[in-house]
1. Can you name the residue in region 243-253 that is touching a strand residue (DSSP E or B) at 6+ places or on another chain (Cβ under 8 Å) and not in a helix (DSSP H, G or I) and, of all such residues, is surrounded by the most Cβ atoms within 10 Å (Cβ to Cβ)?
2. With (1) in contact (Cβ under 8 Å) with a residue 12 or more places away in the chain; (2) in contact with a strand residue (DSSP E or B) (Cβ under 7 Å, 6 or more places away or on another chain) as the list, and residue 72 as the residue in question, which single condition is left unmet?
3. Looking at 160, 135 in this structure, which one is buried (at least 24 other Cβ atoms within 10 Å of the Cβ), in contact with a strand residue (DSSP E or B) (Cβ under 6 Å, 6 or more places away or on another chain) and at pLDDT 95 or above?
4. Considering region 423-433 alone, what residues qualify as being surrounded by fewer than 23 Cβ atoms within 10 Å (Cβ to Cβ), assigned to a helix (DSSP H, G or I) and touching a helix residue (DSSP H, G or I) at 6+ places or on another chain (Cβ under 8 Å)?
5. Which one of these is under 20 Å from the mean Cα position of the chain (by Cα) and without any contact (Cβ under 8 Å) to a residue 24 or more places away in the chain: 181, 216, 231, 163?
6. Are any residues in region 398-417 assigned to a strand (DSSP E or B) and farther than 19 Å from residue 467 by Cα, and if so, which ones?
7. Which of the following residues is part of a loop (DSSP other than H, G, I, E, B), on the phi > 0 side of the Ramachandran plot and either modelled with pLDDT of 95 or more or surrounded by 24 or more Cβ atoms within 10 Å (Cβ to Cβ) (or both): 436, 420?
8. On the phi < 0 side of the Ramachandran plot, in contact with a strand residue (DSSP E or B) (Cβ under 6 Å, 6 or more places away or on another chain) and modelled with pLDDT of 95 or more - does that describe any residue in region 208-231?
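The values are calculated or read from the model by the stated rules, or taken from the named source; none is laboratory data. Just so we're clear, the structure is a prediction, and the values are computed from it rather than from any experiment. No Cβ is skipped: glycine too gets one built from the backbone with ideal geometry, and neighbour counts run over all protein chains shown.
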């Protein structure tokens, strides 16, 4: 199958990568798939491993939180014959010049003059957006170029894209744009995916009705969202039963019931003063995987992504890989258990943000949660806090959490109002490099790992970089307070100039 709408240079890179895999087969080399631990990385890894398995290539896999010095050293010591990086690698390829390597990535990249010396599948190399195809999407293009029968892996790739928030483009086909939109069109044509315009809130397949409406956000609708009791009252007013041999979900309603609920929501929102144009924000094309059972967390793309985020981020990458590859038995049951723990941890993590408070600098705001939030999910919590805690929308949010090996993980998120104005990948990469750490990512979402005793210097450096990007006054130079003792509270950055910079908000 052809994919009209996928940039020709990206397809050519995928074909070159497929040729590289054929060469590995001819050489009898084992290919080690190195994938990130988020849902995009897990789906990318699953696509790569399934393609290798079908092609008869010997293979194994390594899951990594990042490609920092710790993980790079471990990979070097592994004695791998060939490496296939999935959902990262575009900033670390130069460390493996003596090993045959393939990179499938969509993050901001580093160019050192050797970025084209090996198969490198990244849209940014040809000036295409990294938000229009995921790491899993790049891996799928390679798998399909290797064997067209790998078309059935396409839904897995779009799960990764949705988990990376690439399905949020207003008015786009399925919320996707560019390569993702082309893949969606191909998936629908092949009968692999189904698309329906519906309410855009999270959880249509698995959340009980009162939670689906009561916990809804983006947008919020007075008298409907924000309170399960309000949602329950609305449903009872419309004679929509809440249970039928168990709690009903949105997808379990009849078409007529969904129509009546949608109409009532629109009417209530307009009565509360919403403009007709605001109503468009209620809808999104909901994408479902045709082969999956209704009412399960692997049916709708966003819910599937959440399930996978509950696995590798909690030290169970093999569970995520197996579920992404189609296991609906033991691994699936384990993933459901992990998802329950993931939900509990996210709830306590938001409380940790509230307890710690958010400090505002000249151009950034940040919160240090210490060891109360797993470093593997601090980025998710940053996004939740940015959208749900009433934080300022004119500056990025950084979340800091301790890692198990004595360092500090930093995740950053930019509010939608700053998209296109800030480059967090550059800020985190340069800020981390200045203090002996590593960083990178996307312009709107990026991360870094830094020494614990360099937190203050790092924050001051990132604040200055973002201030320059936004054209605001930078923070004052930081004074090194020296290494923090074990158990000490994280050091605060030096006071900033003007405004509310340096102020800590306790909720």
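1. 248
2. Among (1) in contact (Cβ under 8 Å) with a residue 12 or more places away in the chain; (2) in contact with a strand residue (DSSP E or B) (Cβ under 7 Å, 6 or more places away or on another chain), residue 72 violates only (2).
3. Details: 160 fails: in contact with a strand residue (DSSP E or B) (Cβ under 6 Å, 6 or more places away or on another chain).
That would be 135, the only listed residue that is buried (at least 24 other Cβ atoms within 10 Å of the Cβ), in contact with a strand residue (DSSP E or B) (Cβ under 6 Å, 6 or more places away or on another chain) and at pLDDT 95 or above.
4. Once the filter is applied, which keeps residues that are surrounded by fewer than 23 Cβ atoms within 10 Å (Cβ to Cβ), assigned to a helix (DSSP H, G or I) and touching a helix residue (DSSP H, G or I) at 6+ places or on another chain (Cβ under 8 Å), region 423-433 yields 426, 430.
5. 216
6. Correct list: 400, 401, 402, 407, 408, 409.
7. Details: 420 fails: either modelled with pLDDT of 95 or more or surrounded by 24 or more Cβ atoms within 10 Å (Cβ to Cβ) (or both).
When all the criteria are applied, what remains is 436.
8. Of all residues in region 208-231, those on the phi < 0 side of the Ramachandran plot come to 208-217, 219-222, 224-225, 227-231.
Narrowing the set further to residues that are in contact with a strand residue (DSSP E or B) (Cβ under 6 Å, 6 or more places away or on another chain) leaves 208.
The next check asks that each one be modelled with pLDDT of 95 or more; those that pass are 208.
Yes, region 208-231 contains a residue that is on the phi < 0 side of the Ramachandran plot, in contact with a strand residue (DSSP E or B) (Cβ under 6 Å, 6 or more places away or on another chain) and modelled with pLDDT of 95 or more.
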